[in-house]
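Visitor: Before we start, here is the structure in question, set down as structure tokens.
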Amino acid sequence: LVEKCPETLTIHLKRFEATARGFQKVGKHVRVPFTLDMSPFCIPPKPGDPSRQSSMYGLTGIVVHSGGMGGGHYVAYTLRGPGRWYYFSDRSYSASSAPDVTKKQAYLCFYKRLPLENGDRDEDSDRDDAKSFATEG
């Protein structure tokens, strides 16, 4: 269990596997959630603990690798405001969308901890913040 969740959470998805012939890229689609509840992996805070922090996270970006083991290219999709997703590749960028992000094979996922407004809030309140943080469609 984690005692204290970080402000920014980075999740690395294993996209390469060892086979009898060497390594190969794993092309399986993994659904990346726009909100992530880390509470099942955290030590619960003591009642009335003033340092209590949210265990809810909102997706702020992903990195995608295209190509194979011999070479390829990395691009990023980032959230730049409520529901405003952008695609970045080297020297270019363009507007994207949450539905487009859900179709990608993420390699790295970046999450930002969602805030607690006060110490009396419960997990349902955190989920409400998460819905407004990153709109799925």
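The values are calculated or read from the model by the stated rules, or taken from the named source; none is laboratory data. Worth saying up front: this structure is predicted, and the values here are computed from it rather than measured. Positions of Cβ are backbone-derived with ideal geometry, glycine not excepted, and every protein chain shown enters the neighbour counts. What goes into the accessible areas is simple: the full protein's heavy atoms, side chains included, and nothing from ligands, DNA or RNA. Shrake-Rupley method; radii C 1.70, N 1.55, O 1.52, S 1.80 Å.
Visitor: Name every residue in region 12-38 that is modelled with pLDDT under 90 and among the polar types (S, T, N, Q), in order of residue number.
Guide: Listed by number, the residues that qualify are Thr19, Gln24.
Visitor: What are the pairs with Cβ atoms under 8 angstrom where one residue, in region 93-110, is touching a residue at least 12 places away in the same chain (Cβ under 8 Å) and the other, located anywhere, is surrounded by 17 or more Cβ atoms within 10 Å (Cβ to Cβ) and among the small types (Gly, Ala, Ser)? Sequence gap at least six, or different chains.
Guide: Taking only residues 6 or more apart or on different chains, the pairs are Ala98/Ala134; Cys109/Gly61; Phe110/Gly61.
Yes or no, residue by residue, for (1) within 19 Å of the chain's Cα centre (by Cα); (2) under 27 Å from Arg84 (Cα atoms):
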site	(1), (2)
Val2	yes, no
Leu9	yes, yes
Thr19	no, no
Phe23	no, no
Pro33	yes, yes
Met38	yes, yes
Pro44	no, no
Asp49	no, no
Ser54	yes, yes
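Visitor: Looking only at region 56-65, decide whether some residue is hydrophobic (A, V, I, L, M, F, W, C), in contact (Cβ under 8 Å) with a residue 12 or more places away in the chain and over 30 Å from Val2 (Cβ atoms).
Guide: For region 56-65, residues hydrophobic (A, V, I, L, M, F, W, C), in contact (Cβ under 8 Å) with a residue 12 or more places away in the chain and over 30 Å from Val2 (Cβ atoms): absent.
Visitor: Something else: Where residues in region 23-37 are in a strand (DSSP E or B) and not aromatic (Phe, Trp, Tyr), which of them is most open to solvent (accessible area, probe 1.4 Å)? Before you say what the answer is, go through the steps one by one.
Guide: Residues of region 23-37 in a strand (DSSP E or B): 23-25, 35-37.
Now narrow it down to the ones that are not aromatic (Phe, Trp, Tyr): 24-25, 35-37.
Numbers: Gln24: 85, Lys25: 53, Thr35: 48, Leu36: 34, Asp37: 39 Å².
For region 23-37, the residue satisfying everything is Gln24.
Visitor: Kindly list the number of the only condition in (1) open to solvent by 40 Å² or more (accessible area, probe 1.4 Å); (2) closer than 21 Å to Tyr111 by Cβ; (3) not in a helix (DSSP H, G or I) that fails for Pro40.
Guide: Status for Pro40: all satisfied but (3).
Visitor: Just to be sure before I move on: is Leu116 touching a Ser or Thr at 6+ places or on another chain (Cβ under 7 Å), at pLDDT below 90, surrounded by 10 or more Cβ atoms within 10 Å (Cβ to Cβ) and more than 18 Å from Val2 (Cα to Cα) in the structure I sent?
Guide: Spelling it out, Leu116 is indeed touching a Ser or Thr at 6+ places or on another chain (Cβ under 7 Å), at pLDDT below 90, surrounded by 10 or more Cβ atoms within 10 Å (Cβ to Cβ) and more than 18 Å from Val2 (Cα to Cα).
Visitor: Given (1) in contact (Cβ under 8 Å) with a residue 12 or more places away in the chain; (2) out of contact with any Leu (no Cβ under 9 Å at 6 or more places or on another chain); (3) basic (Lys, Arg), where does Arg21 come up short, assuming only one miss?
Guide: Evaluating Arg21 over (1) in contact (Cβ under 8 Å) with a residue 12 or more places away in the chain; (2) out of contact with any Leu (no Cβ under 9 Å at 6 or more places or on another chain); (3) basic (Lys, Arg) leaves (1) as the failure.
Visitor: Under 9 Å between Cβ atoms, which residue pairs at least 6 apart in sequence (or on different chains) link something in region 67-86 that is without any contact (Cβ under 8 Å) to a residue 24 or more places away in the chain with a partner that is of a type in the set (Asp, Glu)?
Guide: Taking only residues 6 or more apart or on different chains, the pairs are His73/Asp90; Val75/Asp90; Trp85/Asp100.
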